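S.K.: Quick one: structure below, then a few questions.
Bear in mind that the values in this text are calculations on the coordinates, not laboratory data. Computed from a prediction, not measured in an experiment: that's the story for all the values here. Every residue, glycine among them, receives a Cβ derived from its backbone with ideal geometry; neighbour counts consider all protein chains shown.
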Amino acid sequence: MKPIKAGLLGIGTVGAGTFEVLRRNQEEIRRRAGRGIEIAMVADLNTARATELTQGRCKVVSDANLIVNDPDIDIVIELIGGYGLAKDLVMKAIANGKHVVTANKALLAIHGTEIFKAAQEKGVMVGFEAAVAGGIPIIKALREGLTANRIQWIAGIINGTTNFILSEMRDKGLDFQTVLAEAQRLGYAEADPTFDIEGIDAAHKVTIMSAIAFGIPVQFPKAHVEGITQLQAVDIRYAEQLGYRIKLLGITRRAEVNGRAGIELRVHPTLIPSRRLIANVEGAMNAVLVQGDAVGATLYYGKGAGAEPTASAVIADLVDIARLSAADPEHRVPHLAFQPDAMSDIPILPMEDITTSYYLRIRVADKLGVLANVTRILADATISVDAMLQKEPDEGETQTDIIILTHQTQERNVLAAIAQIERLSTVVGKVAKIRLEELS
Ligand code: HSE
């Protein structure tokens with residue numbers, strides 16, 4: 001059988017990695033796919049660099065439309081990013097009957113429903129293994145390997161930049177801004193790191209996993225998104241003393257509020273018991289923990305970014321597509337795991353309805369009765385205290401920190417209690433609140 005022909009839109013880091021891994025492992029990939037996979041064309045505005053990277057092995061153009069409109073191209077690999085031009089090209093490729101492989105999490109978390117519908121109607125595949133957790137085959141695990149399970153929850157460290165920053169803050173006791181500057185200098189963080197540090201990139205990824213896990217449409221605008229920019233080194237230290245690590249987690253979970261089903265969908269800094277495996281995922285690594293009713297907990301760990309780890313996921317999708325014609329043309333896995341006519345309309349819950357535990361740091365004047373007032377407010381709000389830490393004021397200081405870990409409660413209770421605590425005359429400034437997940 002002739003090789004299947006792919007066109008690559010954008011040959012940056014991941015595109016170059018894809019080109020190189022396909023070249024290096026072509027023989028094994030051909031044996032697995034049942035036919036060869038050839039990148040026949042590359043589109044990039046920097047044609048000189050693209051020509052150098054591809055060393056005359058394929059045609060290089062600057063206009064991506066030449067690829068999406070070329071009748072000889074079977075698969076379009078979209079590695080441009082963003083949701084403007086990339087969406088336009090993906091929709092054109094689908095309309096032209098081409099399969100699509102993309103690493104573009106932002107595009108799918110926002111426009112996935114429209115894109116998958118168009119692909120379904122045209123009978124083409126949209127592969128997006130590379131969009132979530134880079135080289136970790138989490139889409140395949142959720143969509144196929146765990147398909148017997150009723151998924152209960154997923155919690156993931158799915159942004160390497162922020163995990164690197166948190167690891168450095170913990171190891172070196174440095175504050176956020178200092179570590180961010182260092183991460184940028186080392187090339188771990190983008191020049192504009194907003195999507196990473198504000199939790200948006202992680203929210204795109206958890207939105208996609210939530211849809212696959214629960215059979216719901218992708219609904220990024222309903223995700224609660226909180227990054228690490230407000231996190232203070234002091235909270236990382238206190239958490240450590242209490243036996244916890246702070247990680248930026250993407251969490252999605254089945255829940256029930258007042259007898260009605262809903263889905264929690266949230267990204268925020270989270271305390272995790274330090275004895276959990278996932279709490280020990282350090283540096284730029286990613287990990288995803290999935291709880292299924294039959295299998296129990298499974299943990300997936302690996303590189304969430306980088307040229308060849310991400311290329312590994314891109315090529316897995318290319319092989320799946322090549323197999324459609326080479327191996328088993330009837331075999332199709334739905335984009336979001338559930339058949340499109342069997343999707344559920346179970347709602348994403350507002351943040352006040354979610355249930356979790358909390359770490360609270362309260363700056364107080366060291367006066368008689370302060371602690372009693374705080375615990376009375378918590379008790380009145382039906383919030384039960386799990387652990388507490390009160391530091392002696394430092395030499396010459398009249399203020400100190402009270403650290404409280406709560407048992408599970410609804411977010412609305414905690415918000416109400418914090419508002420009351422902040423009104424106490426003995427409380428200084430804002431209460432720092434970080435959610436805590438036992439992940440057991
Ligand atoms: N910027 C992402 C991260 C990688 O830091 O993990 C691409 O999704």
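S.K.: Evaluate the charge dipole of the chain about its Cα centre and quote only its size in Debye, nearest 20, assuming +1 on the Cβ of each Lys and Arg and -1 on the Cβ of each Asp and Glu.
M.R.: Computed about the Cα centre, the dipole is about 720 debye.
S.K.: Something else now. Rank-order 267-277, 115-125 by packing density, defined as the average count of other C-beta atoms within 10 Å over each peptide's residues, highest first.
M.R.: 267-277, 115-125
S.K.: Normalising by the residue count of the stretch 355-436, find the relative contact order in percent from Cα pairs under 8 Å and 6+ residues apart.
M.R.: 49 percent
S.K.: May I ask you to derive the relative contact order of the stretch 33-162, considering only C-alpha pairs under 8 Å and at least 6 residues apart, and to give it as an integer percent?
M.R.: 16 percent
S.K.: Roughly how many Å is it from the Cα centre of the stretch 356-419 to that of the stretch 10-69, as a whole number?
M.R.: Taking the Cα centre of the stretch 10-69 as reference, the centre of the stretch 356-419 is 57 Å away.
S.K.: Sticking with this structure for a sec: From the helices alone, meaning DSSP H stretches of at least four residues, give me the mean residue ellipticity at 222 nm for the chain, per-run term -39500 (n - 2.57), in deg cm²/dmol to the nearest 500.
M.R.: Helices in the chain give a 222 nm mean residue ellipticity of -11000 deg cm²/dmol.
S.K.: Right, here's the next one. Rg and Dmax in Å for the stretch 139-303, alpha carbons only: what are they?
M.R.: Rg then Dmax for the stretch 139-303, in Å: 16.0, 51.
S.K.: More than 18 angstrom separation, counting every C-alpha pair in the stretch 355-436; what % is that?
M.R.: Percentage above 18 Å: 34.
S.K.: What's the exposure ranking of 196, 88, 401, going from fewest to most Cβ atoms within 10 Å?
M.R.: Fewest-to-most ranking of 196, 88, 401: 88, 401, 196.
S.K.: Could you point to the residue in 149, 42, 104 farthest towards the positive end of the chain's charge dipole, with +1 and -1 charges on the Cβ of Lys/Arg and Asp/Glu respectively?
M.R.: Positive-most Cα among the choices belongs to 149.
S.K.: Ok, one more. Counting only DSSP beta bridges with both residues in the chain, what percent are antiparallel, rounded to the nearest 5?
M.R.: Beta bridges within the chain, antiparallel portion: roughly 70 percent.
S.K.: Report, largest value first, the span of the C-alpha coordinates of the chain along each principal axis, in whole Å.
M.R.: Sorted from largest, the Cα extents of the chain read 82, 49, 34 Å.
S.K.: Mind ordering 386-393, 231-238, 159-166 by average Cβ neighbours within 10 Å, highest first?
M.R.: 159-166, 231-238, 386-393
S.K.: Compactness ratio of the stretch 57-161: Cα Rg over 2.2 N^0.38 Å, N = residue count?
M.R.: Here the Cα radius of gyration is 1.18 times the empirical estimate.
S.K.: Shifting gears a bit: I need the shape label for the stretch 279-320. Rule: rounded when a/c is under 1.5, else prolate if a/b > b/c, else oblate, with a, b, c from the alpha carbon gyration tensor.
M.R.: Because a/c hits 1.5 or more and a/b fails to exceed b/c, the stretch 279-320 counts as oblate.
S.K.: Here's a follow-up. Work out the count of Lys pairs in the stretch 290-440 where the Cα-Cα distance is under 22 Å, with the pair 8 or more places apart or on different chains.
M.R.: Step by step, the pairs that qualify in the stretch 290-440 add up to 4.
S.K.: Give the average over all directions of the projected area of the C-alpha convex hull of the stretch 1-104, one decimal, in nm².
M.R.: With every direction weighted equally, the projected area is 6.2 nm².
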